[in-house]
Amino acid sequence: MDEFAAHLRKVQKISFFFLSFCFMAWAVFPAYREYAAGMILGTAVSMINSRYLAWKIRLLSKAALEQSGRKINMGFATRAAMSLLAVLIAYKLEQVAISTTLVGLFFVQLATLLVGIISNLQPRK
């Protein structure tokens with residue numbers, strides 16, 4: 001489980017760095033503010049969804065170790081509703097681009113994939 005937490009911390013750092021980059025782009029390039037705002041919204045919701053999924057995975061692993069027989073779902077409906085809410089916010093606000101909001105919703109998943117691939121390529125200690 002330590003490796004899971006380490007990967008989660010790395011992805012969170014990458015996401016915060018990307019969000020700071022998006023905020024700087026929003027401040028420096030006024031013509032592209034709606035696109036930067038969409039990336040900010042999408043990435044923030046993606047981070048929330050990933051933290052929620054990590055919490056559910058911890059609950060599932062704890063229940064499996066305790067062999068409690070408790071049924072635990074992975075919260076797909078909640079994560080889908082959060083993503084839909086982000087898209088609806090982008091749809092209602094003219095200052096937020098829907099296209100970049102949709103791209104931002106996949107940022108944490110892609111960052112997790114890259115962190116996993118890079119960690120598998122590194123030699124084991």
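Full extension of the chain between R70 and L121 yields a length gain of 14.7 nm, computed as 0.36 nm times the residue separation minus the alpha carbon distance. Charged side chains reduced to their Cβ positions (Lys and Arg at +1, Asp and Glu at -1) give the chain a dipole of some 460 debye around its Cα centre. For M24 and D2, what is the calculated FRET efficiency with R₀ set at 41 Å and r taken between the beta-carbons, to the nearest 0.05? That pair, M24 with D2, gives E of 0.80. Sorted fewest first by neighbouring Cβ atoms within 10 angstrom, V96, V28, V108 come out as V28, V96, V108.
Across the range 98-115, rounded Karplus estimates of 3J(HN,Hα) from the backbone phi angles (6.51 cos²θ - 1.76 cosθ + 1.60, θ = phi - 60°) give 5, 4, 6, 5, 5, 5, x, 5, 9, 5, 5, 5, 5, 5, 5, 4, 5, 5 Hz, Gly and Pro being marked x.
Projecting the Cα positions of F21, V96, L59 onto the charge dipole of the range 2-117 (unit charges on Cβ atoms of Lys, Arg, Asp and Glu, taken about the Cα centre) puts L59 furthest along the positive direction.
Kirkwood-type hydrodynamic radius, the range 7-71: 13.8 Å, calculated from all non-identical alpha-carbon pairs.
Normalised by residue number, the volume inside the convex hull of the Cα atoms of the chain is 105 Å³ per residue. The sum of -39500 (n - 2.57) across all DSSP H runs of n ≥ 4, divided by the residue count of the chain, sets its helix-only mean residue ellipticity at 222 nm to -27500 deg cm²/dmol. Subtracting the Cα-Cα distance of A81 and L59 from their residue separation scaled by 0.36 nm leaves 5.9 nm.
Between the helical axis of 76-92 and the longest alpha-carbon principal axis of the chain there is an angle of about 0 degrees.
Values in this text are rule-based calculations from the coordinates and carry no lab data. Note that the structure is a prediction, hence the values are computed from the model and not measured. Because the Cβ atoms are built from the backbone with ideal geometry, glycine has one as well, and the counts that use them run over all protein chains shown.
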